[in-house]
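Data first, discussion second: the structure below is written as structure tokens.
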Amino acid sequence: MRRGFFRQFLRLFLGTALYAQCGFANSIPSEVPESITIGLTPGGRPADLKTQSIELAKQMQAELGVSVNILISKDYESLIEAMKNHKIDFALFSALTYVYAEERVHAKVLLKKVYFDPFYYSALIARKDSKVKNLSQLKGKRVVFVDSHSTSGFLYPQVMLLKKGIDQKIFGKVLFSGNHSRSIEMLENNEADVAAVFSDNAKGTNGAWTKFSNKPNIKYNVIWMSEPIPSDPFAVRQDFYDKYPKFTHTLMMSLIDIFQKNKESKAFSEILGNQDLMPATSRQYDPVREMVKALNPQIK
């Protein structure tokens, strides 16, 4: 398992200049923190994520008047550890990672991002020009997953395979890509035969294969689609919320406002989705908790 390392830690110290220019230094009340750090999962295209993170931090600093830092984790486990060790105050988790973060570090869900619907899906896909048309043809095939803690890119497919009695020992090879875009690249380059990735809708008309394709001439078959999965949540560390409740709600509203202002340009689609950013509750992630009970995955 990969553990404890971060791909990028983007610290933006523009806040100091903002304080000096706008007089924030003498006006910030005690219930407002001097700075905040938001953690992100590696997700789709790392380069786009980095670029969007820098711009989002700038806009949030201008809105909130505090220094905003962005941490891009190496993997899902690292994000939980960062919150546990108070290296981040907020995080955009995957659905499963949030469930674990709630249990282990008392993360409190605030919002959820929406790409097309309030739910998304896990799908197993194969190239149309391959011999894989259904689940019965997985024997001997190279199957690529995203990460062993990825909700759509690993865990939901694991539950399906378990329920259907499909032993992964029949696969020719089990691979891990690290992110959804790389999984699609591996299919395009014939490095894998089948990929477990996200789908934006139950029809399979939009998903990782349409978003990250570099070879649009290649078409795909969806050979399996999951039940709906709650969209990725934006959460806060509970002790941070207890100390700064008003600031946390101001940040929520500012984040929604920034999203709406940039919605048409999709400036932050890699981070915040492209359809909506809406309030969320812990109960909405009960389907994921049921999945955990079925599979009992362990983050190590």
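Below are the figures for this structure:
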{"quantity": "All Cα pairs of the chain, percent lying beyond 33 Å", "calculated": "24 percent"}
{"quantity": "Gain in span if fully extended, Ser136 to Gln238, counting 0.36 nm per residue against the direct Cα distance", "calculated": "32.2 nm"}
{"quantity": "Whichever lysines have a C-alpha closer than 16 Å to that of Lys84, once near sequence neighbours (fewer than 8 apart) are set aside", "calculated": "Lys74, Lys108, Lys300"}
{"quantity": "21 Å tail of the calculated P(r), segment 199-275, as % of Cα pairs", "calculated": "51 percent"}
{"quantity": "Relative contact order computed over segment 119-229 (Cα-Cα under 8 Å; 6+ residues apart), in percent", "calculated": "45 percent"}
{"quantity": "Between segment 103-137 and segment 220-240, the Cα center-to-center distance that results, in Å", "calculated": "7 Å"}
{"quantity": "Ranked packing of 221-231, 87-97, most packed first, by mean Cβ within 10 Å", "calculated": "87-97, 221-231"}
{"quantity": "Bridge type composition, segment 119-229 - antiparallel percent by DSSP, nearest 5", "calculated": "70 percent"}
{"quantity": "C-alpha long axis of helix 46-64 to longest principal axis of the chain, angle in °", "calculated": "30 degrees"}
{"quantity": "Dimensions in Å of segment 119-229 - Rg and Dmax from alpha carbons", "calculated": "12.3, 35"}
{"quantity": "Net charge of neighbours whose Cβ lies under 12 Å from the Cβ of Phe154, counting Lys and Arg as +1 and Asp and Glu as -1", "calculated": "-2"}
{"quantity": "Values of log10 I(q)/I(0), in the order q = 0.10, 0.14, 0.15, 0.21 Å⁻¹, for segment 144-300 under a Debye, Cα-only, solvent-free model", "calculated": "-0.47, -0.87, -0.97, -1.45"}
{"quantity": "Value of Rg to Rh for segment 72-188 (Rh from inverse mean 1/r over Cα pairs, i.e. Kirkwood)", "calculated": "1.02"}
{"quantity": "Packing-based order for 150-157, 105-112, using average beta carbon neighbours within 10 Å, highest first", "calculated": "150-157, 105-112"}
{"quantity": "Segment 125-176: trypsin sites (Lys or Arg not before Pro) in DSSP loop, at most 15 other beta carbons within 10 Å", "calculated": "Lys128, Lys131, Lys133, Lys139, Lys164"}
{"quantity": "Burial ordering of Leu64, Leu40, fewest other beta-carbon atoms within 10 Å first", "calculated": "Leu64, Leu40"}
{"quantity": "Whole-number percent relative contact order across segment 207-295, with pairs defined as alpha carbons under 8 Å at least 6 apart", "calculated": "28 percent"}
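No lab work stands behind these numbers, since they all come straight from the coordinates. None of these values were measured; they are calculated from a predicted model. Neighbour counts run over all protein chains shown; Cβ positions are idealised from the backbone, glycine included.
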